[in-house]
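Notes follow the structure.
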Amino acid sequence: PADAVDDPFASLNPAQRAAVEHDIGAAPADVRPLLVIAGAGSGKTNTLAHRVARLIMSGADPQRILLLTFSRRAANEMTQRAGNVLQRIMGLRGGQAPALPWAGTFHSIGARLLREYAGRIGLDESFTIHDRGDSEDLMGMVRHEIGLTQTQKRFPLKGTCLAIYSRAVNSRDPLALVLQSTFPWCSEWEAELKTLFGAYVDAKQEQNVLDYDDLLLFWAEMAADPELGAHIGSLFDHVLVDEYQDTNRLQAAILMGMKPGGEGVMVVGDDAQSIYSFRGATVRNILDFPKQFAREAHIVTLERNYRSTQPILDASNAVIGAALERHAKTLWTDKVSTVLPQLVLIPDEAEQARWVCNRILEHRETGMALKAQAVLFRAASHSAALELELMRRNIPFVKFGGLKFLEASHIKDVLAVLRFAQNPSGRVAGFRVLQLVPGIGAATATRLLDAVAEAAEPLRAVEQFAAPARSGGDWQQFVDLFRALRSPGLRWPADIALATNWYLPHLERLHDDAQVRAADVEQLARLASGHGSRETFLAEITLDPPEATSDRAGPPLLDEDYLILSTIHSSKGQEWKSVHVLNVVDGCIPSDMSTGNSDDIEEERRLLYVAMTRAREHLHLVVPNRFFIKQQAQMGDRHVYAARSRFISPAMLKHFEESVWMTADTAQSRKPMPDSVRMLVRERARNAWK
Ligand code: ATP
Ligand code: MG
């Protein structure tokens with residue numbers, strides 16, 4: 001650095017600096033493992049980004065830095081932050097900030113490594129990847145094939161079967177234990193589930209498909225192989241992981257396999273923010289980290305919070321302070337403020353929506369952009385009333401963590417066309433595509449897929465297949481499409497044009513709202529053209545699907561101002577000037593589904609803590625008095641009288657400004673919906689179940 005003013009590290013506090021400077025200058029093999037364990041907003045992610053920059057500055061090769069985050073968005077942000085630091089240093093010398101080719105999620109990096117090395121562990125490198133939906137479908141197919149559906153009526157649903165399987169794989173626990181601890185009502189089916197999972201694994205292998213869990217599982221397999229593990233480990237001098245509290249046993253095993261001595265491994269996290277145990281993540285990873293490797297880890301803790309005002313911190317600390325078990329941490333900040341977090345009691349969800357809209361507009365009037373504000377909720381469905389109100393008032397928003405683009409049936413159709421062309425052995429994609437052809441039903445599709453599986457050349461099998469006469473010309477068109485998609489001369493993204501041209505007429509036949517769906521298909525085509533090949537496009541869209549849905553076709557323009565709606569889970573690691581948390585009531589946080597054991601309850605407490613610690617200046621917790629919940633099928637949906645979340649005990653009320661809101665506070669909110677909004681609302685309702 002030329003001088004102190006331009007020193008991008010000058011802003012770091014001593015503890016952050018210690019983490020950034022840890023073993024800098026040592027040979028990569030001599031860099032000891034490093035753990036940064038610290039509370040929310042203490043600059044963990046910031047420190048990680050600075051360390052990446054510091055490493056590169058001191059000569060580390062950016063191509064040999066592996067940066068693991070929990071979403072692509074987080075990876076991009078981190079790369080950007082590290083890039084900014086480097087720019088400031090190297091900008092002085094007229095240099096360019098280097099890219100980090102190995103920044104991504106565990107799953108996407110796993111997919112890349114497998115594409116390269118799958119052959120070494122006996123897999124075929126041309127595998128396709130199943131998303132959760134595909135995996136459930138395959139589980140359903142296998143279940144049907146081995147006859148569990150007909151004979152055993154009470155057998156768990158395919159989604160539950162997949163959840164059990166996934167949990168067992170990710171936790172590395174025996175099935176019996178997983179059943180006993182997490183799915184006790186399925187314990188009686190242990191033997192059948194074993195058979196089912198065996199058949200499911202066989203089916204994946206026969207069809208050359210991998211599911212999400214396989215990406216970690218086989219990476220861990222590769223890492224555990226002494227020779228291959230060492231080789232993969234040797235590709236990287238530094239391995240850095242953010243949000244380590246939400247990793248599972250397999251992910252820890254991957255790190256240990258690649259770097260048994262822990263050299264160059266740095267992880268950061270906060271045990272108080274662990275919120276993914278329902279997916280097999282375990283906070284033990286972060287607690288065990290110091291002694292896991294051949295060399296003991298160096299530990300850095302950060303105590304100064306740079307994000308939130310003192311009153312927000314006090315309230316958040318009170319909530320998490322009541323936790324049964326945690327690594328005690330105290331956070332402090334010098335951001336004084338007289339604005340207390342608000343706890344607002346409101347009659348019902350409709351009033352909640354109006355009240356939140358009013359506050360958002362008030363904030364905007366004081367100059368706070370919509371983008372600096374977020375509304376967080378426990379479950380994606382909880383924002384429905386608010387979304388209507390936002391549309392009614394023309395407040396643009398983007399929603400994260402809700403219904404995924406990929407889950408819409410028409411998007412699945414188009415992707416299945418590409419997947420089937422890529423890997424004709426994949427029966428889930430094949431089954432879906434073939435039945436789009438008029439006159440072809442499940443039985444015919446199965447026969448064709450059997451023929452493809454037995455044939456040496458899939459195209460020949462398709463061409464020679466005796467399709468039912470009633471599918472005539474439609475069948476011929478499909479054969480032409482398949483031939484074109486399999487032709488060696490095809491250059492991406494021509495594939496996507498072929499697939500959509502073939503699909504659009506079917507779309508019109510299948511759906512009355514074909515026009516709206518066609519717009520989605522076009523958006524998919526635009527997205528596809530940004531990728532280098534069919535293979536990478538399919539892998540990336542499956543691993544990191546666009547997660548935002550917005551109130552119009554296509555994502556909002558980058559420079560446009562819009563509000564963020566997000567599930568609490570998807571808000572991890574982020575921050576906003578103002579945060580609203582909806583439905584802070586028992587039955588919601590903690591959720592109804594988790595009122596069973598105390599571990600679940602504790603996870604819900606951490607969830608509220610995560611939500612509260614996203615706020616920088618304004619925090620509003622809203623407590624609707626009447627709350628709409630979906631009860632078990634036999635009781636129907638109904639309103640219940642709700643109570644303030646148990647996580648805010650009477651003793652904690654002193655940290656909040658309490659207010660009670662009885663009626664709608666503006667005439668604005670009573671305005672009838674304009675037609676355009678009504679159309680949108682109907683549209684959404686129609687899409688909601690897809
Ligand atoms: P979380 O636990 O929520 O992931 P975190 O510990 O990763 O939080 P960051 O997101 O890195 O925290 O930082 C929180 C905020 O504090 C950011 O706005 C960041 O820019 C700011 N910050 C971090 N360190 C410093 C510092 N030394 N000086 C000024 N601001 C800082
Ligand atoms: Mg962070």
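Go through (1) more than 22 Å from Ala408 (Cα to Cα); (2) within 33 Å of the chain's Cα centre (by Cα); (3) surrounded by 13 or more Cβ atoms within 10 Å (Cβ to Cβ) and name the single condition Ala525 misses.
Just one mismatch for Ala525, condition (1).
Residue check, Val437 against (1) under 21 Å from Thr128 (Cβ atoms); (2) part of a helix (DSSP H, G or I), all met but one. Which one?
Of the numbered conditions (1) under 21 Å from Thr128 (Cβ atoms); (2) part of a helix (DSSP H, G or I), the odd one out for Val437 is (2).
Would you mind stating whether Leu287 is within 24 Å of Thr247 (Cα to Cα) and not hydroxyl-bearing (Ser, Thr, Tyr)? Before you say what the answer is, go through the steps one by one.
Details: within 24 Å of Thr247 (Cα to Cα): yes; not hydroxyl-bearing (Ser, Thr, Tyr): yes.
Yes: the conditions hold for Leu287.
Check the stretch 278-294 and report whether any residue there is in contact (Cβ under 8 Å) with a residue 24 or more places away in the chain, within 16 Å of ligand 1 (Cβ to nearest atom) and hydroxyl-bearing (Ser, Thr, Tyr).
Within the stretch 278-294, not a single residue is in contact (Cβ under 8 Å) with a residue 24 or more places away in the chain, within 16 Å of ligand 1 (Cβ to nearest atom) and hydroxyl-bearing (Ser, Thr, Tyr).
Out of all the residues in the stretch 41-89, which are basic (Lys, Arg), closer than 28 Å to Arg614 by Cα and more than 10 Å from ligand 2 (Cβ to nearest atom)?
Within the stretch 41-89, Arg51, Arg54, Arg72, Arg73, Arg81, Arg88 qualify.
With the condition kept exactly as written, say whether any residue in the stretch 565-575 is at pLDDT 85 or above and more than 16 Å from ligand 1 (Cβ to nearest atom).
Yes, that holds for at least one residue.
So, Ser181, is that one at pLDDT below 90, over 20 Å from Thr128 (Cα atoms) and under 21 Å from the mean Cα position of the chain (by Cα) or not?
no
Filter the stretch 358-377 for residues that are crowded, with 17+ Cβ neighbours inside 10 Å and either over 16 Å from Val622 (Cα atoms) or under 27 Å from the mean Cα position of the chain (by Cα) (or both) and give the result.
Ile360, His363, Arg364, Met368, Leu370, Ala372, Gln373, Ala374, Val375, Leu376, Phe377
Can you name the condition, by its number, that Thr330 falls short on among (1) closer than 21 Å to His569 by Cα; (2) polar (S, T, N, Q); (3) part of a loop (DSSP other than H, G, I, E, B); (4) away from ligand 2 (no atom under 16 Å from the Cβ)?
(1)
Does Leu345 satisfy the criteria of being away from ligand 2 (no atom under 16 Å from the Cβ) and either within 22 Å of Asp242 (Cα to Cα) or assigned to a loop (DSSP other than H, G, I, E, B) (or both)? Outline the logic, then answer.
Numbers: away from ligand 2 (no atom under 16 Å from the Cβ): yes; either within 22 Å of Asp242 (Cα to Cα) or assigned to a loop (DSSP other than H, G, I, E, B) (or both): no.
So Leu345 fails the test.
Taking the residues in the stretch 270-307 that are among the small types (Gly, Ala, Ser) and either modelled with pLDDT under 95 or under 28 Å from the mean Cα position of the chain (by Cα) (or both) as candidates, determine which candidate is surrounded by the fewest Cβ atoms within 10 Å (Cβ to Cβ).
Ala294
Within the stretch 32-73, which residues are touching an Asp or Glu at 6+ places or on another chain (Cβ under 8 Å), away from ligand 1 (no atom under 14 Å from the Cβ) and assigned to a loop (DSSP other than H, G, I, E, B)?
Selection gives Arg32, Pro33, Ala60, Asp61.
Conditions first: (1) within 12 Å of ligand 1 (Cβ to nearest atom); (2) farther than 30 Å from Ser659 by Cβ. Asp334 passes all but one, so which condition is the exception?
Going through (1) within 12 Å of ligand 1 (Cβ to nearest atom); (2) farther than 30 Å from Ser659 by Cβ one by one, Asp334 breaks only (2).
Going by the structure shown, is Leu216 surrounded by 17 or more Cβ atoms within 10 Å (Cβ to Cβ) and either at positive phi or more than 16 Å from ligand 2 (Cβ to nearest atom) (or both)? Even if it seems obvious, please write down each step before you answer.
Numbers: surrounded by 17 or more Cβ atoms within 10 Å (Cβ to Cβ): yes; either at positive phi or more than 16 Å from ligand 2 (Cβ to nearest atom) (or both): yes.
So Leu216 passes the test.
Please go through the stretch 257-282 and pick out each residue that is over 18 Å from Leu217 (Cα atoms) and in a strand (DSSP E or B).
Matches in the stretch 257-282: Val265, Met266, Val267, Val268, Gly269.
Every residue in the stretch 487-510 that is surrounded by fewer than 16 Cβ atoms within 10 Å (Cβ to Cβ) and part of a helix (DSSP H, G or I), please.
Ala494, Ala497, Asn501, Pro505, Glu508, Arg509, Leu510
Is there a residue in the stretch 242-249 that is of a type outside the set (Gly, Ala, Ser), surrounded by fewer than 22 Cβ atoms within 10 Å (Cβ to Cβ), away from ligand 2 (no atom under 15 Å from the Cβ) and under 28 Å from Ala379 (Cα atoms)?
Checking the stretch 242-249: at least one residue is of a type outside the set (Gly, Ala, Ser), surrounded by fewer than 22 Cβ atoms within 10 Å (Cβ to Cβ), away from ligand 2 (no atom under 15 Å from the Cβ) and under 28 Å from Ala379 (Cα atoms).
Being buried (at least 24 other Cβ atoms within 10 Å of the Cβ) and within 29 Å of Ser570 (Cα to Cα) is true for just one of Leu86, Leu100, Leu68. Which residue is that?
One residue alone meets the criteria, Leu68.
Is it the case that the stretch 103-114 has a residue that's at pLDDT below 90 and of a type in the set (Phe, Trp, Tyr)?
no
If you take the residues in the stretch 206-245 that are under 30 Å from Ala40 (Cα atoms), acidic (Asp, Glu) and in contact (Cβ under 8 Å) with a residue 60 or more places away in the chain, which one is farthest from ligand 1 (Cβ to nearest atom)?
My answer is Asp237.
Does the stretch 465-484 include one or more residues that are closer than 24 Å to Met141 by Cα, in contact (Cβ under 8 Å) with a residue 24 or more places away in the chain, crowded, with 18+ Cβ neighbours inside 10 Å and in contact with a Ser or Thr (Cβ under 8 Å, 6 or more places away or on another chain)?
Yes, the stretch 465-484 contains at least one residue that is closer than 24 Å to Met141 by Cα, in contact (Cβ under 8 Å) with a residue 24 or more places away in the chain, crowded, with 18+ Cβ neighbours inside 10 Å and in contact with a Ser or Thr (Cβ under 8 Å, 6 or more places away or on another chain).
What do you reckon, is Arg419 basic (Lys, Arg), within 20 Å of Val521 (Cβ to Cβ) and under 36 Å from the mean Cα position of the chain (by Cα)?
The answer is yes for Arg419.
Residues in the stretch 292-304: is at least one within 20 Å of Glu602 (Cα to Cα) and within 16 Å of ligand 2 (Cβ to nearest atom)? Even if it seems obvious, please write down each step before you answer.
Initially, the stretch 292-304 is screened for residues within 20 Å of Glu602 (Cα to Cα), giving none.
Looking for residues that are within 20 Å of Glu602 (Cα to Cα) and within 16 Å of ligand 2 (Cβ to nearest atom), one finds none in the stretch 292-304, hence no.
The values are calculated or read from the model by the stated rules, or taken from the named source; none is laboratory data. Treat the numbers as computed from the prediction; the structure is a model and nothing was measured. Don't worry about glycine lacking a Cβ; one is built from the backbone with ideal geometry, like all the others, and counts go over all protein chains shown.
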